[in-house]
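Okay, structure first, notes after.
The values are calculated or read from the model by the stated rules, or taken from the named source; none is laboratory data. Here the structure is a predicted model, which means the values were calculated and not measured. Reconstructed Cβ throughout: ideal geometry from the backbone, glycine too, with neighbour counts over all protein chains shown.
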Amino acid sequence: MDQILLDLVKVLTLERLELNLFRGESRDIGSPQVFGGQVLGQALAAASATVENRLVHSLHAYFMRRGDCNSPIVYEVDRARDGNHFSTRRVVAIQHGEQIFNLSASFQSEEGGIDHQQAIPAVPPPEDLPNAAHYASMLPADIPERLRRMLAGRRPFEFRPVLAPMYYLGQAESPPKNVWFRAIDRLPEDAVLNRCLLAYVSDFNLIDTAMMQHGISLLTAKLAIASIDHAMWFHREARVDEWLLYSTDSPSASGARGFTRGSIFARDGRLVASTCQEGLIRLRD
């Protein structure tokens, strides 16, 4: 396995301190705080470690404080309920003695039932699109080094946007925003790991969608952004080392908050997951 992807799998493999207590490492990807997707994936990994023979089907989370990349994060799991078909877990992430994040997740044993879904958007296949690294090479020379590392640094996922990113276009664009993505190397056939990795990568490209129709990007001066909450529903099985399409739109922005929703499709057209997020988008004077 590629070393950078192997390192992400290691980050999502938590140390068990007690029956319901776990500890995770952090990685600095260039963002001002611990990447929200990392905390989301680790919290889901902690909750999943307390459930047997059931997979997560939904989660709802709040980001409360900035995470420190240089210190471990402790995850405390509350086994709220184990029913005949569903299990509910609550997770609190703690760092420096304070709560920085909490999550509620629901797990279900496998069942059959009615089945329908929306259609996958008609977009070019990933093979016809340039890698996001192609656009990163065109970044201005004078941007801060930390921001350059976040936008141009090598990642465990490959992204192929249908449209050039906002920081390259330099003009407002209307959603939806469509991005193909996949892990850069093969992964084990582990349904829990694949869902934790899907939660991790789902935090990319969401806040950007709320900003793009205003011509705002990460290069905009005096911009402050942060995830406030994140919700996710897992509809069908998917492998994150195969191409997935992330289609996002933003129905509303107000009160220094942008609301975004997303649909994740497999290459064969199956809708595998849905997301919603509200993020802080503050333009300082």
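A few points about this structure:
- Residue within the range 218-226 that is within 12 Å of the chain's Cα centre (by Cα), among the hydrophobic types (A, V, I, L, M, F, W, C) and under 26 Å from A46 (Cα atoms) present: no
- Pair list, Cβ under 8 Å, 6 or more apart: the range 145-163 residue touching a residue at least 24 places away in the same chain (Cβ under 8 Å), other residue in a helix (DSSP H, G or I) and of a type in the set (D, E): P156/D7
- Looking only at residues of the range 53-110 that are β-branched (V, I, T) and touching a residue at least 40 places away in the same chain (Cβ under 8 Å), we find that the one that is nearest to L197 (Cα to Cα) is V56.
- Subset tally (residues that are under 30 Å from K222 (Cβ atoms) and not in a loop (DSSP other than H, G, I, E, B)) for the range 255-285: 15
- Among residues of the range 3-22 that are closer than 20 Å to L197 by Cβ, those with a beta-carbon under 7 Å from a residue that is at pLDDT below 95 and surrounded by fewer than 13 Cβ atoms within 10 Å (Cβ to Cβ) at least six positions away or on a different chain give the pairs I4/R154.
- Test for A119: is it closer than 30 Å to F22 by Cα and touching a residue at least 12 places away in the same chain (Cβ under 8 Å): no
- For W180: the one exception among (1) touching a residue at least 12 places away in the same chain (Cβ under 8 Å); (2) of a type outside the set (A, V, I, L, M); (3) out of contact with any Pro (no Cβ under 6 Å at 6 or more places or on another chain): (3)
- Tabulated pairs, the range 194-207, first farther than 15 Å from P175 by Cβ, second assigned to a loop (DSSP other than H, G, I, E, B), C-beta under 6 angstrom, 6+ apart or interchain: N194/R239; N194/V240; C196/L12; L197/V240; L198/V240
- Residue that is nearest to D229 (Cα to Cα), among those in the range 39-68 that are in a loop (DSSP other than H, G, I, E, B) and over 17 Å from the mean Cα position of the chain (by Cα): R65
- Output for the range 188-207, where each listed residue is within 20 Å of R27 (Cα to Cα), part of a loop (DSSP other than H, G, I, E, B) and of a type outside the set (D, E, K, R): S202, F204, N205
- Scanning the range 197-214 for residues being small (G, A, S) and surrounded by fewer than 17 Cβ atoms within 10 Å (Cβ to Cβ) gives a total of 0.
- Which listed residue is surrounded by fewer than 22 Cβ atoms within 10 Å (Cβ to Cβ), polar (S, T, N, Q) and touching a helix residue (DSSP H, G or I) at 6+ places or on another chain (Cβ under 6 Å), from S217, S252: S217
- Qualifying positions in the range 5-33 - over 23 Å from P188 (Cα atoms) and modelled with pLDDT under 95: D28, I29, G30, S31, P32, Q33
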